[in-house]
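Below is one structure, written out as C-alpha cells; comments come after it.
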Amino acid sequence: MSARPPALTRAVAALCTAAALVVLSPLALLGALWVGPQTVVAGLRAASPAYAAAGLAVVLGQVLVVVLLSSLPGVWRAGRRAAITALVVVVLLLLVTLTAAWTTVVAPWCPRPLAAAVLAAAGISLVVLLARRGSTHDADQGASVPRVGLVATGIVVAYCAVAVAVVVALGSTGIPSFPRLPGQVEWVQGVAGGGAVPAEQPPQSPGLAPGEHSGIHNDAWMTDAYAGTSMIDARTAQVRSFFAGGDCASMVWDDLGRIVAVCVSPTQTRAYLLDPRTLEPLAERRLAERPLTPGFLTDFSGCGYAVLDSAQRLVIPLPGGIIARYDTRADLAPVDAFPVGESLQEGERITSVLPDWSGALWFVGQRGTVGVLDPVRGTHSALVLTDGSGRPVDIENSFASAEGGGAYVVTSADLVRLDIAEGRPTVAWQQPYDRGVRRKPGQTSRASGTTPTVFAGGRYVAITDNAEPRMNLVVVDVSGPSPRVHCAVPVFAPGASATDNSIISLGNALFVENNYDYSVLSVAGGRTSQPGLARIDVTDEGCSVGWESSEVTIPSLVSKGVALDGAILTYTKESSLAGVDAWWFTAVDAWTGQVLWRRLAGNGPMFNNHYAAGYVGPDGSIYVGTISGVVALVEDVSIDGE
C-alpha cells in the first residue's frame, strides 16, 4: 500500500490543479483543436503563411493545456518528472498571460489578474517542491506520468493530423468553423420592425460606379446606407463562406453583379471576383506584397480601401505610393498605375483614394498628406496637413467627396475641407475637435475613428471625437463660408466610449456604434467588447438622442443602414462563459433600437470581421467581410435548381 504524499506535495498539487482550472475551458479547447488544423490547411492552400502560423499557434496553445492536465496525476503522486513538466507548462502559460494573447489561454470566467496569480503561485510552489526534493529524491516516482503526457500529446497530434487530412480530402474553400453546438440556436427572432425609414439618396458622383455598391461606405458622401435595396429573408437564407487568407474589408459589385473583394493579409493583398450566390472565386489577382509591420492588424494604408469607378475599374492604393486601376470586366486585368510617391512623405503610405466630380483622383496619406492626381495627364500634387499649432497629424480613415468637387478629410486633429485650385489641393478651412488624451482600446489611433459622413443635402458633415469620459457625435454645419459646430452629443458609458467606424446616415437620423475594448485577441475565448448603438436625430435647432441601446455588442463592424427595411445591419458577438466564439448577423430596428433578428454566421475566431464592413448586395443578399474572407446569407441555390 503506497504512502500518502506529504503535505507540501498535496498543497503543490492543489495549486497545479487550480492553475489547470483557470486555463481550462472545455469548449474553447475543443474549438481550438477543431479550428486550428483547418486554419493551417486553409492558410497553406491559399498561400497565406500568416494564417497557417496562426492556426498552428492556436493548436500549440491548447497542447500546453492538455499537457498540464495530463501531468496532474503525477504531481499528486509526488512524481519528479511530472512536476518538472508541470513547471515548464505553468511558466509558459504565465508568460502568455502577461501578454495581449492572455485571452487565448485564460478561461472566460476567470479574471486575468486571478489567473496570473494562480499560475505564479503554482510555479513558485513547484520550484520550492523540486528544490526540497533534491536531485535524486523520488526520481522514479510518477515515472508513468511523462508517458501519460506523451500519450495525451500524441493523441492531440494524431487528431490534428486526421483533421488536416479530412480538410484536405474535403477541399473546402469555406472559413474554418467549429460545428454548431448541441442546443445552440442559429436563429433568434426579435421584435416586429417599425417599417421603412426616410433616406436621402446622395448625389451620384460621376467618378464612381452608379448605385450603392461602389465602396466600403457605399457612396461619395460616405452615408453607409442603402436607400433602394432591401435585405432577403435572413431566416431562410443559406450561410456561405469563402476563405481568402486575408481581411476582406472592401467589397464592391460590378455591373454584372459580381463581387469584387479586396483581401489584405499581413504580407500581401489580393483581389477576387466572386460569384455572389456561391462565393466561388471566378478570378483572382495578387495586387501587391505588403511589408510586415508591428501594427499590421490596425494599419489599413496601402490596400485597405478600394472603390469601383464609373468605367468599372477597381481603384486602389498600393504599397510604395502607387495608385492602380484594374478592369473588372477583364478578370481584374491591370489598366494602369500611377506612382505618386514624390508627393508623399518619406515612408508614408496611401490610406485611401477617391475620384471626385471632375475626374481627379484625391488621395490621403497616413502621415497627413492630401494629394490630387490627374489620371489623364498623370500629374499630381499634394500638401501636408498639420494641426493649429503646426504639429504633424495622421489620417487613418477614408474621406468624403463634396458635390461638385473638393473633399472632407478627418485628421487626428481637425475636420478639414479641401478644394482644388490650379490643379493643386488647397485648404478651405479646418475645424478642430477634441482628440482626447489617449488611444482608447478599440481604436487604431488617438483620434476620431470615423470617415466624414455628409448628409442633409450637403449642409452637414458628421464625425465623432475622442473626448473623455464619453466621446461625442459631432455635427458640423458646412453650408456657410466657415464651418460651425451644430451640435456635439455624448454617447455610451463614461470611460467605455469609442468608435473606429463610420457613422450611418438615414435621412436626418445618424447612427453610431461603440467599439470600445475591441481587438482581435480581446474578443477571443468567449469574450467580447463593450456594448452600444445609438441614434441621434438632427434638426435645424440642434441634436437629440433618439435612443441608445446596450442590447447589442458590435466589436468592430462597419454597420449599414437599410432604409426600406427600417433596419441597421450589423454583426455582433456576445460573451460566453463556456468559451464559445459565436458571431451573428444582426438587424436592429432603426426606430427603437431593439433587435429585429439574429442569424448565426459561424463559431470561431476566423469569423471575426476585424474592422471590415457589412454589405447588402444588389439582390438583397447579406455579406460581411471577415479577418479571413467573406461570410454571407444568400438565397438557397437549390430552390431554383442552380
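The values are calculated or read from the model by the stated rules, or taken from the named source; none is laboratory data. From a predicted model like this one, the values you see are computed outputs, not experimental measurements. Methodologically, a virtual Cβ is constructed for each residue, glycine included, from the backbone with ideal geometry; neighbour enumeration extends over all protein chains shown. Surface accessibility is based on the protein's heavy atoms, side chains included, excluding ligands, DNA and RNA. Shrake-Rupley method; radii C 1.70, N 1.55, O 1.52, S 1.80 Å.
See the values below:
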| read-out | value |
| --- | --- |
| Test: residue in segment 592-606 that is within 16 Å of residue 515 (Cα to Cα) and at pLDDT 95 or above | no |
| So residue 448, is it open to solvent by 60 Å² or more (accessible area, probe 1.4 Å) and in contact with a strand residue (DSSP E or B) (Cβ under 9 Å, 6 or more places away or on another chain) | no |
| Count of segment 407-434 residues which are assigned to a strand (DSSP E or B), of a type outside the set (Asp, Glu) and either within 30 Å of residue 530 (Cβ to Cβ) or open to solvent by less than 20 Å² (accessible area, probe 1.4 Å) (or both) | 10 |
| Evaluation of residue 222 against (1) under 23 Å from the mean Cα position of the chain (by Cα); (2) part of a strand (DSSP E or B) (one fails), failing number | (2) |
| Checking residue 101 against (1) at pLDDT below 90; (2) in contact with a Ser or Thr (Cβ under 8 Å, 6 or more places away or on another chain); (3) closer than 23 Å to residue 578 by Cα, the condition it does not meet | (2) |
| Residue in segment 452-465 that is modelled with pLDDT under 95 and buried (at least 20 other Cβ atoms within 10 Å of the Cβ) present | no |
| Test set (1) open to solvent by less than 50 Å² (accessible area, probe 1.4 Å); (2) among the hydrophobic types (A, V, I, L, M, F, W, C); (3) assigned to a loop (DSSP other than H, G, I, E, B) - residue 437 fails condition number | (1) |
| In segment 75-98, residue farthest from residue 524 (Cα to Cα) [restricted to those that are open to solvent by 10 Å² or more (accessible area, probe 1.4 Å) and outside any helix (DSSP H, G or I)] | 77 |
| Boolean, residue 225 is small (Gly, Ala, Ser) and touching a Cys at 6+ places or on another chain (Cβ under 6 Å) | no |
| Checklist (1) touching a helix residue (DSSP H, G or I) at 6+ places or on another chain (Cβ under 7 Å); (2) without any contact (Cβ under 8 Å) to a residue 12 or more places away in the chain applied to residue 540, failing item | (1) |
| Boolean, residue 260 is open to solvent by less than 10 Å² (accessible area, probe 1.4 Å), under 20 Å from residue 634 (Cα atoms) and in contact with an Asp or Glu (Cβ under 7 Å, 6 or more places away or on another chain) | yes |
| Test for residue 362: is it under 22 Å from residue 421 (Cα atoms), aromatic (Phe, Trp, Tyr) and either over 27 Å from the mean Cα position of the chain (by Cα) or open to solvent by 10 Å² or more (accessible area, probe 1.4 Å) (or both) | no |
| Elements of type strands (runs of 3 or more DSSP E) contained in segment 469-514, each with 1 or more residues being at pLDDT 95 or above and more than 23 Å from residue 594 (Cβ to Cβ) | 472-477, 484-490 |
| Residues of segment 230-246 satisfying the condition of being more than 22 Å from residue 271 (Cβ to Cβ) and either open to solvent by 10 Å² or more (accessible area, probe 1.4 Å) or not in a loop (DSSP other than H, G, I, E, B) (or both) | 230, 231, 232, 233, 235, 236, 238, 239 |
| Condition met for residue 384 (free of Cβ contacts under 8 Å to residues at least 40 places away in the same chain and either buried (at least 16 other Cβ atoms within 10 Å of the Cβ) or under 27 Å from residue 291 (Cβ atoms) (or both)) | yes |
| Qualifying residue in segment 46-59 (condition: farther than 25 Å from residue 627 by Cβ, open to solvent by less than 40 Å² (accessible area, probe 1.4 Å) and either in contact (Cβ under 8 Å) with a residue 12 or more places away in the chain or not in a helix (DSSP H, G or I) (or both)) | no |
| Unmet requirement for residue 389, which otherwise passes all of (1) touching an Asp or Glu at 6+ places or on another chain (Cβ under 8 Å); (2) small (Gly, Ala, Ser); (3) surrounded by fewer than 19 Cβ atoms within 10 Å (Cβ to Cβ) | (1) |
| Qualifying residue in segment 513-536 (condition: over 22 Å from residue 583 (Cα atoms), in contact (Cβ under 8 Å) with a residue 12 or more places away in the chain and of a type outside the set (D, E, K, R)) | yes |
| From the options 131, 152, 116, 122, residue that is within 33 Å of the chain's Cα centre (by Cα) and either part of a helix (DSSP H, G or I) or at pLDDT below 60 (or both) | 116 |
| Count of residues meeting criterion [open to solvent by 50 Å² or more (accessible area, probe 1.4 Å) and either at pLDDT below 90 or within 20 Å of residue 602 (Cβ to Cβ) (or both)] in segment 167-192 | 12 |
| Residue that is farthest from the chain's Cα centre (by Cα) [pool: residues in segment 499-524 that are within 16 Å of residue 608 (Cα to Cα) and of a type in the set (D, E, K, R)] | 517 |
| Which numbered condition residue 314 misses (of (1) open to solvent by 10 Å² or more (accessible area, probe 1.4 Å); (2) over 30 Å from residue 190 (Cα atoms); (3) touching a Leu at 6+ places or on another chain (Cβ under 7 Å)) | (1) |
| Segment 264-281: number of residues that are at pLDDT 95 or above, of a type in the set (A, V, I, L, M, F, W, C) and farther than 15 Å from residue 327 by Cβ | 2 |
| Failed condition for residue 339, given (1) buried (at least 21 other Cβ atoms within 10 Å of the Cβ); (2) touching a Gly at 6+ places or on another chain (Cβ under 8 Å); (3) without any contact (Cβ under 8 Å) to a residue 40 or more places away in the chain; (4) not aromatic (Phe, Trp, Tyr) | (1) |
